[in-house]
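Each remark here refers to the structure printed beneath this line.
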Amino acid sequence: GVPEAGLLAAIAGFRVVYYAVPGTLAATLLIAGARRPTPAAPDPPPALHPAGPDTALDPVLRHAPRAEAQLVRQGEPDLLCDEFGAPLALAAAAGQSVIVLGEPLCHRLAPARLLDLAQAAADHRNRTPFLYKCPAPLAAAARRAGWRVLRVSDEALIDPAGHDPGHRDCRRMRRALRKAQAAGLRAAEAGAVLPLAEMTRIAQGWARRRGGARGFSLGRFAPEQLHRQRVFLCYDENRRLVAFATFHVARAEWALDQMCHAGAAPPGAMHLLIARAIEAAARLDAASGAPGLRQFKSSFGPRWAPLYAAAPGRLAFCLGVIDVIDRITRSEARGTAPRERELPS
């Protein structure tokens, strides 16, 4: 019941609107290509860089909260740097973990920010983050983030300005010092010229007697870095070097790095070295107001501060412990020089 001409015109118009117009638009897009938004460049992942001889790091390490940050100069841990290349903490990629050692190099870095950077650095390397020997505030932040946290050690802290050798907690120290005096030992801070050959011989003998050198968080004997440290030497009555102790130095503290003695060193040599170092740190305290000296044996009457390890899960924690032990005990396999173990804590 519709005129043929009108029907054909309607069909033609329908085909133009329904097929021709969309088809033309689609063909235009196919030929020209679809416009895609340019993705924003992703932030570079946190990097791990060796410190090397970079003198620009000297102010950072000198003002770090912990003098142990100087370990990075010995070539064991690297520097964890943010996306802008600023050094934030000591870290190392080892086995299945990215190990972050100690606490941030800057007081102002929030613990949560360090956790994020550690996680990002580990993710970029298909590893898991592991915090080792971190202080309580960082451990608390890790626990709030759902990480597994475990207390792993205690460090001994000594304020040289308030240190009292006559305190009842220093009885063992006094006995050892009497033995050193009876043996005719002398100890003092080293001068500008160090007896490197004798120190190397003592360090190598110490390592052999204890089944090999240690490294990573325990440092290593690095003669090329001794000019950055405070060095104390102990001689016997025949003027032979029998022991030495070295300390990392920062603005706010000293940290014991190495204590090595010859196999025939008289009793009390090590206590005498530490006593002389405490006295020197106390004199520096009086002149500069710096808080002082850390990490000493219980015979010196210290106070104790807990250190923790943390990782995001049980498996990551177990892998991190294995990787830390491997880095510490395989120092010689990596070609590093021998060093003495850290004082028990």
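The values are calculated or read from the model by the stated rules, or taken from the named source; none is laboratory data. All values reported here derive from a predicted model rather than from experimental measurement. Here Cβ is always computed from backbone atoms with ideal geometry, including for glycine, and neighbour counts include all displayed protein chains. Areas reflect the complete protein model, heavy atoms only, side chains present, ligands, DNA and RNA absent. Shrake-Rupley method; radii C 1.70, N 1.55, O 1.52, S 1.80 Å.
Once the Cα-Cα distance is subtracted from the 0.36 nm per residue extended length, the residue 12 to residue 30 segment shows a gain of 3.9 nm. Only beta bridges with both residues in the stretch 1-160 are counted; by DSSP, about 70 percent of them are antiparallel. Distance between the pseudo-spin-label points of residue 322 and residue 4 (7 Å out from Cα toward the beta carbon): 8.8 nm.
Multiplying the residue separation of residue 329 and residue 315 by 0.36 nm and removing their Cα-Cα distance gives an extension gain of 2.9 nm.
For residue 188 and residue 224, a Förster radius of 25 Å and the Cβ-Cβ distance give a FRET efficiency of 0.60, rounded to the nearest 0.05. Every helix of 4 or more DSSP H residues in the chain counts as -39500 (n - 2.57), and over all residues that averages to -10500 deg cm²/dmol at 222 nm. Residue 147 sits among other residues whose Cβ lies under 14 Å from its own Cβ, and their net charge, with Lys and Arg +1 and Asp and Glu -1, is +4. Between 114, 176, 313, the Cα set farthest toward the positive side of the dipole of the chain (charges on each charged residue's Cβ, about the Cα centre) is that of 176. Calculated FRET efficiency, residue 197 to residue 240, Cβ-Cβ distance, R0 = 22 Å: about 0.95 to the nearest 0.05.
Can you give the local net charge around residue 128? Use residues other than it whose beta-carbon is closer than 13 angstrom to its beta-carbon, Lys and Arg +1, Asp and Glu -1.
My count for the surroundings of residue 128 gives +2.
Summary value for the stretch 102-179: 25 percent relative contact order, contacts being C-alpha pairs under 8 angstrom separated by 6+ residues.
A DSSP coil position with no more than 10 other Cβ atoms inside 10 Å describes the following trypsin sites (Lys or Arg not before Pro) in the stretch 221-258: 239.
Note on the chain: Cα-Cα pairs beyond 30 Å make up 46% of the total pair count. Compared with the direct C-alpha span, the chain from residue 20 to residue 210 gains 59.6 nm at full extension, assuming 0.36 nm per residue.
For the chain, the membrane-span-like helices by this rule, meaning whole DSSP H stretches whose C-alpha atoms cover at least 24 Å of axis and whose Kyte-Doolittle mean is -1.0 or above, are 269-288; this says nothing about an actual membrane. Estimated at the nearest 10 Å², the accessible area of residue 132 is 50 Å² with a 1.4 Å probe. Relative contact order, whole percent, for the chain stands at 23, derived from Cα pairs under 8 Å and 6 or more residues apart.
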